[in-house]
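*Asks:* Before we start, here is the structure in question, set down as structure tokens.
The values are calculated or read from the model by the stated rules, or taken from the named source; none is laboratory data. It should be emphasised that the depicted structure is a prediction, and the values quoted were computed from it without experimental measurement. Protein only, heavy atoms only, side chains kept; ligands, DNA and RNA dropped before computing areas. Shrake-Rupley method; radii C 1.70, N 1.55, O 1.52, S 1.80 Å.
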Amino acid sequence: TRLKFVQISADTRNWYSHFLEKSKKPNRLQRGEDMMFWFDILHYAIRIMIVSTLKVSIDENVIKEYYHILHDWISNIKYGNCDNLKSNTYKI
């Protein structure tokens with residue numbers, strides 16, 4: 001959910017910034033690859049927000065393809081799975 005996404009982001013940031021004990025923020029991201037995926041999603045969302053704020057037209061198919069690429073990348077890295085590819089880029 002959106003709330004859980006924000007809570008995990010906040011817990012991760014607070015845990016690292018404040019040098020808390022592991023038990024203080026159990027919902028934080030713990031693996032580097034998860035942080036990499038998280039950062040990539042946030043970075044892309046911020047880019048879309050900025051472009052939208054500037055009233056630049058965005059091709060929704062390009063956005064969907066990017067998120068499909070992200071899905072395939074995560075499936076490949078985390079699970080070694082390339083059976084259910086969604087992006088045209090990975091299918092090539």
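*Asks:* May I ask you to rank Trp15, Trp73 by accessible area, largest first, using a 1.4 Å probe over the protein chains only?
*Replies:* These residues rank, largest area first, as Trp73, Trp15.
*Asks:* Round to the nearest 10 and give me the degree value, 0 to 90, for the angle of helix 32-53's Cα axis relative to the longest principal axis of the chain.
*Replies:* 60 degrees
*Asks:* Let me ask something else about it. Accessible area of Ile46, 1.4 Å probe, to the nearest 10 Å²?
*Replies:* Ile46 has an accessible surface of roughly 90 Å² with all protein chains in place.
*Asks:* Could you please put Asp11, Asp83, Asp59 in sequence from largest to smallest accessible area, using a 1.4 Å probe?
*Replies:* From most exposed to least exposed: Asp83, Asp59, Asp11.
*Asks:* Pairwise over distinct Cα atoms, reciprocal of the mean inverse distance: report the Kirkwood radius of the chain in Å, one decimal place.
*Replies:* For the chain, inverting the mean 1/r across all distinct Cα pairs yields 15.2 Å.
*Asks:* I would also like to ask the following. Please report the accessible area of Arg47 (heavy atoms, 1.4 Å probe, ligands and nucleic acids excluded) in Å², nearest 10.
*Replies:* 120 Å²
*Asks:* Carbon and sulfur: what percent of the chain's accessible surface (1.4 Å probe)?
*Replies:* Whole-percent figure for carbon plus sulfur exposure: 58.
*Asks:* Roughly how many Å² of Thr1 are accessible to a 1.4 Å probe, to the nearest 10?
*Replies:* Approximately 140 Å² of Thr1 is accessible to the 1.4 Å probe.
*Asks:* In addition: What does the helix-only formula give at 222 nm for the chain: each DSSP H stretch with n ≥ 4 adding -39500 (n - 2.57), the total divided by the residues, and the result rounded to the nearest 500 deg cm²/dmol?
*Replies:* -22500 deg cm²/dmol
*Asks:* Can you tell me, using C-alpha contacts under 8 Å and at least 6 residues apart, the relative contact order of the chain as a whole percent?
*Replies:* 16 percent
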